[in-house]
1. If you go through segment A:242-250 one residue at a time, do you hit one that is open to solvent by 20 Å² or more (accessible area, probe 1.4 Å) and in contact with an Asp or Glu (Cβ under 6 Å, 6 or more places away or on another chain)?
2. Picking from B:Pro219, B:Pro278, which residue would you name as being open to solvent by 30 Å² or more (accessible area, probe 1.4 Å) and in a loop (DSSP other than H, G, I, E, B)?
3. Take A:Asp87 and decide whether it is within 14 Å of chain B (Cβ to nearest Cβ), in contact (Cβ under 8 Å) with a residue 24 or more places away in the chain and assigned to a loop (DSSP other than H, G, I, E, B).
4. Looking at A:Ser141, A:Ser82, which one is assigned to a strand (DSSP E or B) and not aromatic (Phe, Trp, Tyr)?
5. Exactly one condition in (1) surrounded by 17 or more Cβ atoms within 10 Å (Cβ to Cβ); (2) under 21 Å from B:Gly239 (Cα atoms); (3) in contact with a strand residue (DSSP E or B) (Cβ under 9 Å, 6 or more places away or on another chain); (4) modelled with pLDDT under 95 is not met by B:Leu304; state its number.
6. Could you count how many residues in segment A:218-239 are away from chain B (no Cβ under 14 Å) and either exposed (fewer than 12 other Cβ atoms within 10 Å of the Cβ) or out of contact with any helix residue (DSSP H, G or I) (no Cβ under 6 Å at 6 or more places or on another chain) (or both)?
7. Name every residue in segment A:250-262 that is in contact (Cβ under 8 Å) with a residue 12 or more places away in the chain and either of a type in the set (Gly, Ala, Ser) or more than 9 Å from every other protein chain (Cβ to nearest Cβ) (or both), in order of residue number.
8. Among the residues of segment B:7-22, is any over 24 Å from the mean Cα position of the chain (by Cα), without any contact (Cβ under 8 Å) to a residue 12 or more places away in the chain and within 18 Å of B:Pro140 (Cα to Cα)?
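The values are calculated or read from the model by the stated rules, or taken from the named source; none is laboratory data. Note that the coordinates shown come from a computational prediction; the quantities given were computed from them, not determined experimentally. In this analysis, Cβ positions are derived from the backbone assuming ideal geometry, glycine residues included, and neighbour counts consider all displayed protein chains. To get the accessible areas, we keep the full protein, side chains included, count just its heavy atoms, and leave off ligands, DNA and RNA. Shrake-Rupley method; radii C 1.70, N 1.55, O 1.52, S 1.80 Å.
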Amino acid sequence: MGYRFTAAAFNQLLESLREKYRVYAPTLLKGKGKFSDTDLVGYAEISKIEDVVFNQKSYFSPKETFYPVTQRLFYFNENGFSEAVVDEKGMIVFLRACDIQAVERLDKIMLENGLSADYYYERLRNKLKLIVMDCQESFDSCFCVSMGTNKTENYSASVRLENGVYLSDVQEDIEGLFAFHGETIEVSPKFVESNKQSVKVPENLVLESVAANPIWEEYGSRCIACGRCTVVCPSCSCYTMQDIFYDDNPKCGERRRVWASCQIDGFTDMAGGHSFRRNNGERMRFKVMHKIKDFKQRFGVHMCVGCGRCDNACPEYISLAHCIDRLGKEEAGNRG
Amino acid sequence: MTINTKKVMKNAWRITKDRNLTCLRLRVPGGHLPVKLLPLVQEIAERFGNGEVHLTTRQGLEIPAIPFEYMKEINALLEPFLEELEVNIGVLLEQPAQGYPAAGTRNVVACIGNKVCTNAVFDTTALAKDIEKIIYPNNPHVKIAVTGCPNDCVKVHMHDIGIIGQVEPLYDAQRCINCQACVKNCAKVSTGALSIVNYKVKRDASRCIGCGECVLKCPTGAWTRGGQYYRVVVMGRTGKKNPRLAAPFLEWAEREAVLRLCNNLYDYIDKHIDRSLPKEHVGYILDRTGYPVFREEMLKGVELGPKAKTANYLDFSGYTYDKKCLFD
């Protein structure tokens, strides 16, 4: 069912939704850019639809809203532990089609990989409702069409701004509030059918050949292993654990889980001081192969959703899209 | 030929090696020049000079080899230049068609700042223009410079007043992934103000100089930019007696305080200058009055703001050219 909203009507809808949900969307965070006097489009809780940035891609991905950078799991003392309480409210997140596909990738790793689902992920994931923001035009660095992630049907509602009104296709009306606040109209979400760049993901790569390819040496000389590509990636899921013992009472403490990055020093540190992939090029190879080969081998879909955020974030101007294409061309003669 | 050299020099014309020729000095506050003014510079250089222009060490332009007789005519031609670069930013010039009314207080220089540079923590040209508005026109020989970060590309440490941007970094522990990029980098390129405590970053505010490196290095946006402040260094100089780097005077001062300070400098000079000399450089005035008097008079009526700190003493480095001390 489709609905049309004036800004005022949509804001009433948001007000009603916010009684039971926190609503997150890409917003303009003034002065929060890396460089002085620059802004950043990032995720924050919103109260009105005008706060949503439709005409730019968010720098950070939506994953931080339901998979927090730092998540307290439980508190402990000498007698036992108690689980950290989660917010009672649900979460509604505005995001793009590719981002929704990325949520599905995270679900595969966190819920379907291994014998049991990740409890701490699942309890937040179950509170999540997705609102897809239509993509009326492709942004620089997007290559979703190449990855087949430019469309989705997995959403509660869609939203786009068109001629001053907001148009929604509603698959699952949250508490019946879209129907209550909106005016019925035929709506189907708009997704891009082409990007400014296209990428051909190579099939049947031979690992030994890929590992021996000298492009990793070149990327290794450029990459500074800062981890930005993984931090902004909507489908990167790696984390580490931190056990904290409180300074003034070391018998009490907390366990928290924090995002980690395969690009950053320490990721593969092992007991005894051994670690893998010390070289930045090796780390990049590992990440690229996970994004376009290993994940698909296990789950049937590529991990990379072609959002291009890693391209935008890289301070050394390394482009994953370009790397994938280049790898395909260089390995063309070495297919298994 | 008869000319009043003092009037000529005050009007921003030079006395030069060639008895018949002068050289025109153009101010470019903050070092940023709209190119629409360049044809005028070209015209003056080609019609009256030798077709060349010198880019000065203080970001101004000098047009050499102009016969003295054209000064009046060129001053009138210059009006659009003065209108654009002085009057339009708020400098009070009574007769912009008669050229520069003073030359003692030099052009306020600035690094390129955050118009371009990733390190700069603020718009240096904008502050330079605001300072120009306060200190120009003025006769005392004063040099002021503005730089966007402690790298000090514009060498504010060689100035009477040097202003260095500072940004207070804000830390959101929730967003920190303990990559330690900020900690390692701060230790390597800045002051080592950051350390890891319980997998999160602790900042020693007494060591932090507000360079913003932590913000630049942070992949997650855990470090972001907070308030904009300024570090002020004073009384650096070159010269034939005792070259020295400027010494830290204030840090974490607010913009208004910096502007007020520049204004107070002129009262201080006026009160203490040795009028028996043709000119006295303000650094030597400080040497005579001592720091406590300087501090009191510079900070008169200045609201430094809650975060500002004032130096207990001026920690000068430098050396003397007195050969009896230096060489056998």
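1. Within segment A:242-250, not a single residue is open to solvent by 20 Å² or more (accessible area, probe 1.4 Å) and in contact with an Asp or Glu (Cβ under 6 Å, 6 or more places away or on another chain).
2. Result: B:Pro278 is the single residue among B:Pro219, B:Pro278 that is open to solvent by 30 Å² or more (accessible area, probe 1.4 Å) and in a loop (DSSP other than H, G, I, E, B).
3. Taking the combined requirement at face value, the residue satisfies it.
4. A:Ser82
5. Result: B:Leu304 fails condition (2) only.
6. 3
7. Hits for segment A:250-262 are A:Lys251, A:Cys252, A:Gly253, A:Glu254, A:Arg255, A:Arg257, A:Ala260, A:Ser261, A:Cys262.
8. There is at least one residue in segment B:7-22 that is over 24 Å from the mean Cα position of the chain (by Cα), without any contact (Cβ under 8 Å) to a residue 12 or more places away in the chain and within 18 Å of B:Pro140 (Cα to Cα).
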